[in-house]
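Just so it is clear, none of the values below were taken in a lab; they were calculated from the coordinates. Since the structure is predicted, the reported quantities are computational estimates derived from the model, not experimental observations. Please note: Cβ atoms are built from the backbone with ideal geometry, for glycine as well, and neighbour counts cover all protein chains shown.
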Amino acid sequence: MAAALEDRAKRVFGDHYPKAVAFTDLLVEHGVERGLIGPREVDRLWERHVLNSAVVAELLPRGCRVVDVGSGAGLPGIPLAIARPDLQLTMLEPMARRVAWLTEVVDALGLTAEVLRGRAEEAAVRERLADSDVVTARAVAPLERLARWCLPLLRPGGQLVALKGESAAEELERDAQAVRRAGGTGARVTTCGGDVLELPTTVVLVEREEQASRRDGARRGRKDR
Ligand SMILES: C[S@@+](CC[C@H](N)C(=O)[O-])C[C@H]1O[C@@H](n2cnc3c(N)ncnc32)[C@H](O)[C@@H]1O
């Protein structure tokens, strides 16, 4: 790795940098053969994937409950778990072979993260992960679908952090109404990692509206009677 990149990676991961190296080495060794990353990604793993994911940590309050929906190769879940061991992180992934990979990485690096097999929209998953503080998702689905899948996993006032490319603002404009219908509010685009990345990570932030709980409560109340 070039010295300048190593320096930036050390700034992002601090004392946990060796674990980030171990994760990246595992991806270089097994990522393509196990169908986790494309061959063209190997040379740009640090900048485009590992650091791009890890810088999202700056948006996460200490000790918060985070669900990473559709972790796949472990992005952004594994870099977040490495950079921020204080987080209560669950990586949610439906594909068995990716769940196996994530579990192996968590064990090999001694991370405090849970790996759960399932889809965000499943009732059992919603019940299990309800009231999370933050949901992250990277390259999983368009914003409209992400809002429908992910907002129900959040506590009222909790935040969806969708890692998107440069077209994030266009996507938000296109899906703003659908996001509101799904119970999202305050949707906006921001960037992270401007001090360490050549191309900062663009994210769409959406909060789960506060009334959502009252509506759910009212529905539950009616059903319980
Ligand atoms: C293109 S991959 C991206 C993986 C990783 N987030 C990344 O940035 O490299 C999309 C991932 O989302 C998962 N996925 C698709 N639909 C999902 C759903 N409804 N709930 C949870 N995960 C889902 C897929 O299995 C796949 O691993």
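Close amide H pairs (under 5 Å, H built 1.01 Å from N) link MET91 with ASP68, GLU114, VAL115, LEU116, residues at least 5 positions away or on another chain.
As a rough guide to protection, the peptides 19-28, 151-160 ranked by mean Cβ packing within 10 Å, highest first, stand as 151-160, 19-28. For the stretch 87-179, the normalised intensity computed at q = 0.15, 0.17, 0.18, 0.20 Å⁻¹ comes to -0.64, -0.80, -0.88, -1.04 (log10 of I(q)/I(0), Debye sum over alpha carbons, equal scatterers, no solvent). Taking the longest Cα principal axis of the chain as reference, the axis of helix 168-181 is set at about 30 degrees. Using only the alpha-carbon atoms, how far is helix 3-13 inclined from the longest principal axis of the chain? Give it as 0 to 90 degrees, nearest 10. Roughly 40 degrees, rounded to the nearest 10.
For the stretch 34-43, 3J(HN,Hα) computed residue by residue from phi via the Karplus equation (6.51, -1.76, 1.60; θ = phi - 60°) reads 9, x, 9, 9, x, x, 6, 7, 4, 6 Hz, glycine and proline entered as x. The overall shape of the chain is prolate: from the C-alpha gyration tensor, with semi-axes ordered a ≥ b ≥ c, the ratio a/c is 1.5 or greater and a/b exceeds b/c.
Report summary: the helix-based calculation at 222 nm, which adds -39500 (n - 2.57) for every DSSP H run with n ≥ 4 and divides by the residues of the chain, gives -12000 deg cm²/dmol. Helix 211-224 and the longest principal axis of the Cα set of the chain meet at an angle near 60°.
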